[in-house]
Amino acid sequence: MATERSSRQIASKSEDFDRWYVDVVRRAELADYTPVRGCMVIRPYGYALWERTRDALDGMIKRTGHENMYFPLFIPESYLAKEAQHVEGFAPEVAWVTHGGDKELEERLAIRPTSETIICSMYADWIHSWRDLPVLINQWVNVCRWEKRTRLFLRTTEFLWQEGHTFHVTDEEAAAEVDTMLECYRELAEDWLAIPVIKGRKTESEKFAGARYTLSIEAMMSDGWALQAGTSHHLAQNFTTAYGIRYTDRQNQEQHPFQTSWGLSTRIIGGLIMAHGDEVGLIIPPRVAPIQVVVVPITRSNDEAAAGLVEDACARIEREAAADVRLRVDRREGMRPGEKFAHWELRGVPLRITVGAKDLAGGSVTLVRRVDGEQAVVPVDGLGARLPALLEEAQSAIRSRAQKLLDERSVEVTSIGELVGAFAEQPVFASGPFCNRPECEVAIKAAVHAATVRILRADRSADGAPCLACGQPADDVALIARAY
RNA sequence: CGGGAAGUAGCUCAGCCAGGUUAGAGUGCACGGUUCGGGACCGUGAGGUCGGGAGUUCGAAUCUCCCCUUCCCGACCA
């Protein structure tokens, strides 16, 4: 953890959300810019946050039967090109290596934008029998996409993610896998990051290049915009056919396996910041917080006896804190308490314990919760043991607050007119019957500036109600929002 | 990738239009002191290839051109 004092100012969240976001990322020392366009350094505090998130998801990936492995960064151009829709979709944003040292390569190498192509190429040699299936693998890697417009964490040229890749005997088993992993993403977002999400299916125009369909989770940021926070794709046999993955089934018939892929990236850290942060800075849910509890001693240099008591109390809290609580005593000298409070508030530490002579006289310390500023004077006795429960309460409070925002800014619409009205004052999540035809998707986008059909909600059905755009009977309920 | 804005100390900026000694402020940083329950104060000090390159000029932070990076608005974002 850096000891550098934070500068006072971050932009006002209510007045300039975009600038607030960048300020928080940089002042809280999560990440910073580099000399290369769109590439960022993830600093120790930001990386610790990512590690917590990654470890939680990695646990789910393994729990659901997957193994981690590693494929190379470079993909030969000819490998990338075999699945037509896929290469067409990704070509504009692929970075190429053309030279090795000063020698021009005979075939240029793509820096992976995603790894379906190289994985399929390799597994074509490894899958021969129905006994070889299913294949359930994952990798935690960096990928590169040459985006036109970048933004710290949300859309960077290089980013970190996990990409899962599976091969199955049956279409249904692959479909179940797609659902299973989307559910892991929901669990990560809601139970760990305290971000409520809506599950659904991407429209044809938005799905992964080469997929039969794409499922995603959509989260609401605190400005009302949507963030796609994780995607799970059913690839059917599109890639396995193109890449010649064949196996012999129980009836001695040659078959192509059914395939899925699914990914979640460092983008989710941007989502965490924008979902929970406030005017003062970050608010990090305890389960993923690098530091869950900060203890700030308040001492007077001219009163050694009092300082001794304060230090004793701090040491006791540190010692008695449950083993799995990530606690730090901020013993930095020469900093006034207010400065330390601001430092840790900016960094979103969920709980602060203020230890001062005044409270200690009564055997107490002051406990402050970051999410809502709720304060309590509590006994030092037994405090260490209570921390896990207090942290769980803080986790719930953050989740409830985010859920409340989502509820308040979600609206039902039945027509284009209502849709336009719903967006008139502020960005919202609008839901309405949708026939899922491209013309209607275009009409919706045209009606509300910058809003798009994000997903067809998995939790709702239109049951034949008239499409909000064309009036034809619709099966799906679309979620319409502005998106990052 | 198109339109616009910006880049000067760690950070936020002034200086540029009307080119001219050792380039400034606030804040942050280091040290000393007074302080210490919400970003306190006093003193001393360190810190800058003025984003990079080329050009014009006796002389460029300042004028011209090219490039890089960031921000905003679009297009794009499978």
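Around residue A:366, under 12 Å between beta carbons, what's the net of Lys plus Arg minus Asp minus Glu among the other residues?
Numbers: positive: A:352, A:358, A:369; negative: A:359, A:374.
Net local charge, residue A:366 excluded: +1.
Hey, what's the per residue convex hull volume over the C-alpha atoms of segment A:93-247, in cubic angstrom? Show your work: numbers first, answer last.
Details: hull volume 23.2 nm³, N = 155.
Spread over its residues, the Cα hull of segment A:93-247 gives 150 Å³ apiece.
Please give the FRET efficiency for residue A:205 paired with residue A:374, using the beta carbon to beta carbon distance and R0 = 51 Å, rounded to the nearest 0.05. Write down the numbers at each step before the final one.
Working: r = 45 Å, r/R0 = 0.89.
So the FRET efficiency works out to roughly 0.65.
Once the principal axes of the Cα atoms of segment A:434-478 are found, what is the range along each, listed largest first in whole angstroms?
Largest to smallest, the principal-axis extents are 28, 20, 13 Å.
In nm, what is the difference between 0.36 nm times the number of residues separating residue A:443 and residue A:411 and their Cα-Cα distance? Present the calculation step by step, with values, prior to reporting the outcome.
Working: separation 32, 0.36 × 32 = 11.52 nm, distance 1.90 nm.
Answer, rounded to one decimal: 9.6 nm.
With a cut-off of 13 Å, note down the residues of segment A:196-234 whose backbone N falls inside the zone around a label point 7 Å from the Cα of residue A:88 toward its beta carbon.
A:205, A:209-211
Please work out the FRET efficiency for the pair residue A:335 and residue A:140, using the Cβ-Cβ distance as r and a Förster radius of 35 Å; give the result to the nearest 0.05. Let's see the in-between values first.
Working: r = 37 Å, r/R0 = 1.06.
For residue A:335 and residue A:140, the calculated efficiency is 0.40.
Order these by the 10 Å Cβ neighbour count, fewest first: A:274, A:335, A:69, A:122.
A:69, A:335, A:122, A:274
Around residue A:282, with a cut-off of 9 angstrom between Cβ atoms, what is the net charge of the other residues, counting Lys and Arg +1 and Asp and Glu -1?
Working: positive: A:347, A:370; negative: A:278, A:345.
Taking every other residue near residue A:282 into account, the sum is 0.
Could you tell me how many cubic angstrom of Cα convex hull volume segment A:185-247 has per residue? Show your work: numbers first, answer last.
Details: hull volume 6.2 nm³, N = 63.
In segment A:185-247, the Cα convex hull volume per residue is 98 Å³.
Would you calculate the separation in nanometres between label points at residue A:104 and residue A:253, each defined as 7 Å from the Cα along the Cα-to-beta-carbon direction?
5.0 nm
What is the projected area of the convex hull of the Cα atoms of segment A:373-465, averaged over all directions, in nm²?
Its Cα hull, projected and averaged over all orientations, spans 9.0 nm².
What is the distance, in nm, between label points placed 7 Å from the Cα along the Cα-to-Cβ direction at residue A:425 and at residue A:393?
That separation, rounded to one decimal, is 3.4 nm.
Excluding residue A:145 itself, calculate the net charge of residues whose Cβ lies under 9 Å from the Cβ of residue A:145, where each Lys or Arg counts +1 and each Asp or Glu counts -1. Could you put the intermediate results ahead of the total?
Working: positive: A:155; negative: A:93, A:147, A:158.
Spelling it out: positives minus negatives among the neighbours equals -2.
How many nm is it between the label spots at residue A:305 and residue A:358, if each spot is 7 Å from the Cα in line with the beta carbon?
Label at residue A:305, label at residue A:358, 2.0 nm between them.
Past the 26 Å Cα-Cα mark, which pairs from A:148/A:207; A:82/A:199; A:148/A:445?
Values: A:148/A:207 20 Å; A:82/A:199 31 Å; A:148/A:445 21 Å.
From the list (A:148/A:207; A:82/A:199; A:148/A:445), the Cα-Cα distance tops 26 Å for A:82/A:199.
Subtract the Cα-Cα distance of residue A:18 and residue A:74 from 0.36 nm times their separation in residues, and report this length gain in nm to one decimal. Present the calculation step by step, with values, prior to reporting the outcome.
Values: separation 56, 0.36 × 56 = 20.16 nm, distance 3.44 nm.
Value of the extension gain: 16.7 nm.
Would you order A:20, A:126, A:161 from fewest to most other beta-carbon atoms within 10 Å of each residue's own beta-carbon?
Working: A:20 22, A:126 10, A:161 18.
Going from sparsest to densest Cβ surroundings: A:126, A:161, A:20.
Compute the length gained on full extension between residue A:67 and residue A:33: take 0.36 nm times their separation in residues and subtract their Cα-Cα distance, giving the result in nm to one decimal.
Numbers: separation 34, 0.36 × 34 = 12.24 nm, distance 3.35 nm.
Difference between extended and current length: 8.9 nm.
Treating the beta-carbon of each Lys and Arg as +1 and of each Asp and Glu as -1, no other charges, what is the dipole magnitude of chain A about its Cα centre, to the nearest 20 debye?
Working: 57 positive and 70 negative charges, 204 e Å.
It comes to approximately 980 debye.
Taking only complete DSSP H runs, can you tell me which helices of chain A stretch 27 Å or more along their own long axis by Cα positions and average at least 0.0 on the Kyte-Doolittle scale?
Values: long enough: A:44-63 (28 Å, -0.84); A:383-408 (37 Å, -0.22).
Both cut-offs are met by no helix.
Determine the percent antiparallel among the DSSP beta bridges restricted to segment A:121-190, to the nearest 5. Write out the running numbers ahead of the final one.
Working: 11 of 11 bridges.
For segment A:121-190, the DSSP antiparallel bridge percentage is about 100.
Mind pulling the per residue volume of the convex hull built on the Cα atoms of segment A:307-395? Å³ is fine.
Numbers: hull volume 8.6 nm³, N = 89.
Expressed per residue, the convex hull around the Cα atoms of segment A:307-395 is 96 Å³.
Rank these for me by crowding, A:222, A:14, A:396, going from fewest to most other beta carbons within 10 Å. Before the final figure, lay out the partial values.
Values: A:222 20, A:14 11, A:396 14.
The most exposed by this proxy come first: A:14, A:396, A:222.
Residues in segment A:234-251, backbone N under 12 Å from the label point at residue A:128 (7 Å along the Cα-to-beta-carbon vector): list them, ranges by number please.
A:247-248
If you find the alpha carbon centre of segment A:205-278 and of segment A:334-378, how far apart are they in angstrom?
Each part's Cα centre sits 43 Å from the other's.
In a Debye calculation with equal point scatterers on the alpha-carbon sites of chain A and no solvent, what is log10 I(q)/I(0) at q = 0.06, 0.08, 0.13 Å⁻¹?
-0.33, -0.57, -1.23
Every number here is computed from the coordinates shown, using simple stated rules; none is lab data. Note that the structure is predicted; figures quoted are calculated from it, not measured. With ideal geometry, Cβ positions are generated from the backbone for all residues, glycine too; neighbour counts draw on all protein chains shown.
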